[in-house]
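The structure appears below as C-alpha coordinates.
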Amino acid sequence: MWNLHTHFPCLMAPELRLQKLQEVRVVVDAGLSFHKNGDWDTYCDSITKLMGMAAAFNSLDDDLYNYTMDWVNTLSRFSLQRTAVDFPTWAIGQACTALRAAA
(Lines give C-alpha, C1' and ligand atoms only; values in the text may rest on other atoms or scores of the structure.)
Protein backbone atom coordinates (compact mmCIF):
# COMPACT_ATOMS: atom_id res chain seq x y z
CA MET A 1 0.00 0.00 0.00
CA TRP A 2 1.28 3.48 -0.87
CA ASN A 3 2.27 5.61 2.13
CA LEU A 4 3.14 9.29 1.89
CA HIS A 5 5.80 9.04 4.61
CA THR A 6 7.42 6.00 3.02
CA HIS A 7 7.72 7.70 -0.37
CA PHE A 8 8.71 11.07 1.10
CA PRO A 9 10.65 10.28 4.27
CA CYS A 10 11.59 13.93 4.76
CA LEU A 11 7.98 14.69 5.69
CA MET A 12 7.13 14.56 9.35
CA ALA A 13 4.32 12.30 10.53
CA PRO A 14 1.35 14.30 11.87
CA GLU A 15 1.69 12.80 15.35
CA LEU A 16 5.37 13.73 15.54
CA ARG A 17 4.61 17.21 14.22
CA LEU A 18 2.01 17.74 16.94
CA GLN A 19 4.49 16.51 19.54
CA LYS A 20 7.12 18.96 18.29
CA LEU A 21 4.62 21.84 18.37
CA GLN A 22 3.85 20.94 21.98
CA GLU A 23 7.55 20.78 22.83
CA VAL A 24 8.06 24.27 21.39
CA ARG A 25 5.16 25.53 23.48
CA VAL A 26 6.64 23.95 26.64
CA VAL A 27 9.95 25.75 26.05
CA VAL A 28 8.11 29.05 25.40
CA ASP A 29 6.01 28.68 28.56
CA ALA A 30 9.10 27.83 30.61
CA GLY A 31 10.97 30.80 29.16
CA LEU A 32 8.14 33.16 30.07
CA SER A 33 8.09 31.73 33.58
CA PHE A 34 11.85 32.28 33.90
CA HIS A 35 11.44 35.88 32.71
CA LYS A 36 8.61 36.50 35.17
CA ASN A 37 10.75 35.15 38.01
CA GLY A 38 13.73 37.30 37.02
CA ASP A 39 15.87 34.35 35.92
CA TRP A 40 17.36 36.18 32.95
CA ASP A 41 20.10 33.64 32.08
CA THR A 42 17.68 30.73 31.93
CA TYR A 43 15.23 32.86 29.94
CA CYS A 44 17.98 33.51 27.38
CA ASP A 45 18.81 29.79 27.40
CA SER A 46 15.18 29.11 26.47
CA ILE A 47 15.50 31.37 23.44
CA THR A 48 18.74 29.62 22.49
CA LYS A 49 17.01 26.24 22.82
CA LEU A 50 14.21 27.45 20.54
CA MET A 51 16.81 28.54 17.99
CA GLY A 52 18.29 25.05 18.09
CA MET A 53 14.86 23.50 17.64
CA ALA A 54 14.19 25.79 14.67
CA ALA A 55 17.51 24.77 13.12
CA ALA A 56 16.49 21.13 13.46
CA PHE A 57 13.16 21.83 11.73
CA ASN A 58 14.78 23.77 8.87
CA SER A 59 14.29 21.95 5.54
CA LEU A 60 12.28 19.29 7.37
CA ASP A 61 9.07 21.16 8.15
CA ASP A 62 8.70 24.76 7.02
CA ASP A 63 5.66 25.42 9.21
CA LEU A 64 7.38 24.15 12.36
CA TYR A 65 10.49 26.14 11.48
CA ASN A 66 8.47 29.34 10.94
CA TYR A 67 6.37 28.78 14.08
CA THR A 68 9.49 28.29 16.19
CA MET A 69 11.30 31.27 14.66
CA ASP A 70 8.22 33.43 15.22
CA TRP A 71 8.50 32.58 18.93
CA VAL A 72 12.25 33.31 18.90
CA ASN A 73 11.58 36.71 17.36
CA THR A 74 8.65 37.46 19.66
CA LEU A 75 10.55 36.56 22.83
CA SER A 76 13.58 38.52 21.64
CA ARG A 77 11.46 41.62 21.01
CA PHE A 78 9.78 41.13 24.40
CA SER A 79 13.24 41.00 26.00
CA LEU A 80 14.16 44.35 24.48
CA GLN A 81 11.03 46.24 25.48
CA ARG A 82 11.53 49.12 27.88
CA THR A 83 8.37 48.84 29.96
CA ALA A 84 8.05 46.26 32.69
CA VAL A 85 4.85 44.47 31.76
CA ASP A 86 3.98 40.81 31.68
CA PHE A 87 4.04 38.97 28.37
CA PRO A 88 0.25 38.72 27.76
CA THR A 89 -0.17 42.48 28.26
CA TRP A 90 2.78 43.21 25.98
CA ALA A 91 1.53 40.76 23.30
CA ILE A 92 -1.95 42.30 23.28
CA GLY A 93 -0.40 45.74 22.89
CA GLN A 94 1.67 44.50 19.96
CA ALA A 95 -1.43 43.01 18.32
CA CYS A 96 -3.38 46.25 18.76
CA THR A 97 -0.52 48.24 17.24
CA ALA A 98 -0.47 45.89 14.23
CA LEU A 99 -4.25 46.17 13.83
CA ARG A 100 -4.13 49.97 13.96
CA ALA A 101 -1.36 49.98 11.34
CA ALA A 102 -3.37 47.68 9.07
CA ALA A 103 -6.52 49.77 9.29
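The values are calculated or read from the model by the stated rules, or taken from the named source; none is laboratory data. None of these values were measured; they are calculated from a predicted model. Backbone-built Cβ (ideal geometry, glycine too); neighbour counts: all protein chains shown.
Considering only residues that are in a helix (DSSP H, G or I) and either touching a Leu at 6+ places or on another chain (Cβ under 8 Å) or over 19 Å from S46 (Cα atoms) (or both), which ones fall in the range 74-89?
L75, F87, T89
Here is a yes/no grid of residues against (1) within 18 Å of P88 (Cα to Cα); (2) of a type in the set (V, I, T); (3) part of a helix (DSSP H, G or I):
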| site | (1), (2), (3) |
| --- | --- |
| K20 | no, no, yes |
| V24 | yes, yes, yes |
| V27 | yes, yes, yes |
| A30 | yes, no, yes |
| D41 | no, no, yes |
| C44 | no, no, yes |
| K49 | no, no, yes |
| A54 | no, no, yes |
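Going through the range 47-67 one residue at a time, which ones are modelled with pLDDT under 95 and either on the phi > 0 side of the Ramachandran plot or among the charged types (D, E, K, R) (or both)?
Answer for the range 47-67, where residues must be modelled with pLDDT under 95 and either on the phi > 0 side of the Ramachandran plot or among the charged types (D, E, K, R) (or both): S59, D61, D62, D63.
For the list (1) surrounded by fewer than 13 Cβ atoms within 10 Å (Cβ to Cβ); (2) under 21 Å from E23 (Cα atoms), I need the number of the one condition that T89 fails.
Exception for T89: condition (2).
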